[in-house]
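Trainee: Input: one structure, supplied below.
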Amino acid sequence: MSPFLDLPPLSAAQFAAIEDKVAALLHTTADVIVTQGEALLPLEAAIRGAAHPGSSALNIVTGPYGQTFGNWLRSCGAKVVDLAVPFDSAVGAEQVAEALAANPEIDFVSLVHAEAATGNTNPVAEIAAVVRAHGALLMLDAVASVAAEPLLTDEWGVDLCVIGGQKAMGGPAGVSAVSVSDRAWERIAANPAAPRRSYLSLLDWKERWTDAGRAVLPHAPAQLEMLALDACLDRIAADTLDAAIARHRAAAAATRAGVRALGTLTPYVHRDEHAAPVATTLRTPPGLHAAELAASLDAALPVQPGGGPLAAEMLRVNHYGTAATLDTVHFVLAALAAALPGTEAGPAAEAATEAWEAAVATD
């Protein structure tokens with residue numbers, strides 16, 4: 001019998017200990033619920049718990065996940081104001097402040113920290129300050145940013161912070177987590193439309209697990225995924241979170257520098273300060289189809305075309321988790337150089353190495 005199928009059941013104490021480790025990673029003292037599914041589960045649960053007919057939401061759209069949140073908010077009956085910016089840039093706190101001033105009834109704001117699909121990242125600390133001054137709740141999708149860039153949940157005033165383990169954490173996709181502030185719990189408890197007796201119910205978890213002293217699990221957990229999450233949390237702690245963040249920043253800087261040295265492709269996100277450390281997106285020139293270029297590369301490389309209409313013009317280099325290394329960057333650059341006529345890998349590798357070393361020295 002496989003050793004993975006012959007393990008003792010995961011105890012409530014073990015489950016609670018994993019929640020505590022997640023709370024430490026998020027720098028929060030708020031309740032943390034580890035949900036038994038991919039991160040779309042707690043993201044939808046948070047929105048359906050907080051939004052209802054008569055509520056008003058500012059939905060910040062810097063990529064495809066922001067579009068999804070807007071659809072969920074509307075299906076809850078909320079009035080939704082979309083603040084959309086081009087996918088090759090980030091939203092600014094001043095833009096959020098203007099939208100809130102123009103719509104003073106807004107009581108909920110949804111924001112993606114880093115959009116791995118488009119390669120951009122948003123200045124959460126500055127945006128959160130504006131949202132808190134307005135008095136609205138802030139829900140943050142930090143699935144692609146956790147362990148790749150700073151995430152100070154309590155200090156920034158994030159009310160609902162959702163993470164997944166499958167990107168920078170280098171862990172499983174089958175479990176995820178959400179931290180819930182006291183303000184968010186009050187909002188959800190007061191919402192008559194909040195899910196109850198449902199897999200999407202955060203209140204069920206709170207009443208049956210958190211408030212009950214975390215002594216008896218409400219249902220059988222996804223044991224292997226929980227153990228994998230525990231292992232990756234321990235690995236990050238041993239490596240240190242600062243070191244993990246530094247590796248991701250260096251990987252992004254090296255990839256952008258190396259691609260610029262190649263000369264044919266360009267970073268999709270123009271400004272370095274708007275670029276996410278978890279993945280770098282690249283723009284192909286007219287006549288070069290991104291999906292066809294990706295298909296010509298070794299399938300083992302962490303390179304894929306953009307999704308939907310972006311498949312023609314965008315490549316995505318996923319340098320997260322165990323792939324946040326200079327070797328990964330060099331392998332990708334060498335493959336791109338071999339696939340692109342008139343490009344050389346040598347200058348690109350040199351530029352990448354120089355950028356990596358500079359980024360590490362800065363951190």
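The values are calculated or read from the model by the stated rules, or taken from the named source; none is laboratory data. Bear in mind that the values here come from a model prediction, so they are computed numbers and not experimental data. Every residue, glycine as well, gets a Cβ built from its backbone with ideal geometry; the counts of neighbours run over all protein chains shown. Accessible surface is based on the protein model in full, side chains and every heavy atom, while ligands, DNA and RNA are left aside. Shrake-Rupley method; radii C 1.70, N 1.55, O 1.52, S 1.80 Å.
Trainee: Within straight cross-link reach of residue 167, meaning Cα distance under 28 Å, which lysines are found once same-chain residues fewer than 8 apart are removed?
Mentor: 21, 206
Trainee: Apply the a/c threshold of 1.5 to the C-alpha gyration tensor of region 315-363 and tell me whether it is rounded, prolate or oblate.
Mentor: Oblate shape, in that a/c is at least 1.5 and b/c is the bigger or equal ratio.
Trainee: What ratio of Cα Rg to 2.2 N^0.38 Å holds for region 1-142?
Mentor: 1.22
Trainee: Let me ask you something else. Given a 1.4 Å probe, how much area per residue of region 180-319 is accessible, in Å²?
Mentor: 46
Trainee: Hey, in the GNM for the chain with a 10 angstrom Cα cutoff, which one of 195, 218, 64 fluctuates hardest?
Mentor: Sorting by GNM fluctuation, first place goes to 218.
Trainee: With springs connecting C-alpha atoms under 10 Å apart, model the chain as a Gaussian network and identify which of 140, 224, 200 has the largest mean-square fluctuation.
Mentor: Evaluated over the chain, the most mobile residue of the options is 224.
Trainee: Cα centroids of region 134-205 and region 76-98: how far apart, whole angstrom?
Mentor: Cα centroid to Cα centroid, the span is 19 Å.
Trainee: Over the chain, with a Gaussian network built from C-alpha contacts below 10 Å, which listed residue (51, 215, 78) shows the highest mean-square fluctuation?
Mentor: Highest fluctuation among the options: 215.
Trainee: Another question, then. Compute the orientation-averaged projected area for region 243-303 from the convex hull of its Cα atoms and round it to one decimal in nm².
Mentor: Averaged projected hull area, Cα only: 4.7 nm².
Trainee: Can you give the relative contact order of the chain as a percent, counting alpha carbon pairs under 8 Å and 6+ residues apart?
Mentor: Once divided by the residue count of the chain, the mean separation gives 18 percent.
Trainee: Please work out whether region 189-282 counts as rounded, prolate or oblate from its C-alpha gyration tensor, where a ≥ b ≥ c are the square roots of the eigenvalues and a/c under 1.5 means rounded, while otherwise a/b larger than b/c means prolate and anything else oblate?
Mentor: Note, shape of region 189-282 comes out prolate.
Trainee: Before anything else, pin down the relative contact order of region 98-250: Cα pairs under 8 Å, at least 6 apart, normalised by residue count, whole percent.
Mentor: That works out to 19 percent.
Trainee: Sticking with this one: Across bins of 20 angstrom width beginning at 0, how are the C-alpha pair distances of the chain distributed, in whole percent?
Mentor: The calculated distribution, bin by bin, is 30, 55, 15, 0.
Trainee: Subtracting the Cα-Cα distance from 0.36 nm times the residue separation, let me have the gained length for residue 84 to residue 289 in nm, one decimal.
Mentor: 71.2 nm
Trainee: At 222 nm, what value in deg cm²/dmol follows for the chain if DSSP H runs of at least 4 each add -39500 (n - 2.57) and the sum is divided by all its residues, to the nearest 500?
Mentor: Computed mean residue ellipticity for the chain: -13000 deg cm²/dmol.
Trainee: Accessible area of region 232-309 with a 1.4 Å probe: how many percent of it is carbon plus sulfur?
Mentor: Result for region 232-309: 55 percent of the exposed heavy-atom area is carbon or sulfur.
Trainee: In addition: What Kirkwood hydrodynamic radius do you get for region 55-117 when you take the inverse of the mean 1/r over all pairs of distinct Cα atoms, in Å? Show your work: numbers first, answer last.
Mentor: Working: mean 1/r = 0.0850 Å⁻¹.
It is 11.8 Å.
Trainee: Could you check the simple spin-label distance between residue 207 and residue 273, using points 7 Å along Cα→Cβ, in nm with one decimal?
Mentor: Here the answer is 4.8 nm between the modelled labels.
Trainee: Report, in order of residue number, the helices in the chain meeting two criteria: a C-alpha extent of 18 Å or more along the helix axis, and a mean Kyte-Doolittle hydropathy of at least 1.6; treat each whole DSSP H run as one helix.
Mentor: Long hydrophobic helices here: 326-339.
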